Amino acid sequence: MDKVKKTILEIENVRVIEHDDMNLAVERYETYYNPKTKKEKSGWRFKGYTASILGAIQLIHNKELLIDQEAVTDLSSHLNEVKRTTKTLAEIKEAL
């Protein structure tokens, strides 16, 4: 039987969960194509492991997991998304 993993932090469509006693996992909720069923599926997709919550925030920032790709049409809109996500993550860091 699968153990329910505790959610430590959830930011927009990204969450940090306890993977085991020593690691946290970062996941993002997204829609993707499943080649086996040949259908689109929505769900939590694994993005990386980290040892601490601050490491998880850094991983989210480095991989740009909070950037809304639908809102990005040019360099200016990409920079606006980076500013927005950086501000959001900085506020979360301060709250910790």
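Just one of the listed residues (Val72, Val82) is in contact with a His (Cβ under 8 Å, 6 or more places away or on another chain) and open to solvent by less than 60 Å² (accessible area, probe 1.4 Å), and it is Val72.
Picking from residues in the range 18-44 that are charged (D, E, K, R) and out of contact with any Lys or Arg (no Cβ under 6 Å at 6 or more places or on another chain), the one that is least open to solvent (accessible area, probe 1.4 Å) is Asp20. What is the one condition in (1) surrounded by 10 or more Cβ atoms within 10 Å (Cβ to Cβ); (2) over 16 Å from the mean Cα position of the chain (by Cα); (3) modelled with pLDDT of 90 or more that Glu64 does not satisfy? Here Glu64 meets the rest and fails (2). Taking the conditions exactly as written (within 20 Å of Thr7 (Cα to Cα), modelled with pLDDT under 90 and either in contact with a Ser or Thr (Cβ under 7 Å, 6 or more places away or on another chain) or surrounded by 11 or more Cβ atoms within 10 Å (Cβ to Cβ) (or both)), does Lys47 satisfy them or not? It is false that Lys47 is within 20 Å of Thr7 (Cα to Cα), modelled with pLDDT under 90 and either in contact with a Ser or Thr (Cβ under 7 Å, 6 or more places away or on another chain) or surrounded by 11 or more Cβ atoms within 10 Å (Cβ to Cβ) (or both).
The values are calculated or read from the model by the stated rules, or taken from the named source; none is laboratory data. Nothing here was measured: the structure is a model prediction, and the numbers come from that model. All Cβ positions, even for glycine, are placed from backbone atoms using ideal geometry, and neighbour counts span all protein chains on display. Just the protein is used for accessible areas: all its heavy atoms, side chains included, with ligands, DNA and RNA removed. Shrake-Rupley method; radii C 1.70, N 1.55, O 1.52, S 1.80 Å.
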